[in-house]
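To start, the structure itself, in structure tokens.
What follows is calculated from the coordinates using simple rules that are stated; it is not laboratory data. These numbers were taken from a predicted model, which means no experiment stands behind them. Ideal geometry is used to build each Cβ from the backbone, glycine not excepted, and the neighbour counts take in all protein chains shown.
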Amino acid sequence: MTDEHIEKTKSAIESAGNIPADKKAELLGLLSKLKPAIAKVSQTHREDAQSIARLVEASAQETIRAQKKPEPAKGHLQELKRSVRNFEASHPDLVAFVTEYSGFLSALGI
């Protein structure tokens, strides 16, 4: 399930016409870091991993919308940050991804 969310998110970003190519490449690079981090969490916390993948997908969908709605995207990012707090010690790669991803979306105006 989590792989499906990640792949769906990547496809949506690749086809988005309102994001410059360099930003698309950067965002896709970030998402490539998510897959192994989520896989580790999924081994012991499957539901949490699925929730995190869904939140990444939802925030990415808001980012690529032609008419951006920053409030829902900010809400998704806040929930995403809350979701990974419990994993700071056990899964630092996931927390690092979320921090970098959130910063990137913020720089895009989300």
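Note down the nm distance, to one decimal, between modelled labels 7 Å out along Cα→Cβ at Glu100 and at Thr44.
My value for the distance between the label points is 2.2 nm.
Taking only Cα atoms of segment 38-110, what ratio of Rg to Rh do you get with Rh as the Kirkwood inverse-distance radius?
Result for segment 38-110 is an Rg/Rh of 0.99.
How charged is the neighbourhood of Glu100? Take every other residue with its Cβ under 11 Å from the Cβ of Glu100, and add Lys/Arg as +1 and Asp/Glu as -1.
That works out to -1.
Along its principal axes, what span do the Cα atoms of segment 1-68 show, with the longest given first and each in whole Å?
Principal-axis extents of the Cα atoms in segment 1-68, largest first: 37, 20, 14 Å.
Calculate the FRET efficiency for Lys33 and Gln67 from the Cβ-Cβ distance with a Förster distance of 22 Å, rounded to the nearest 0.05.
Computed FRET efficiency for Lys33 and Gln67: 0.15.
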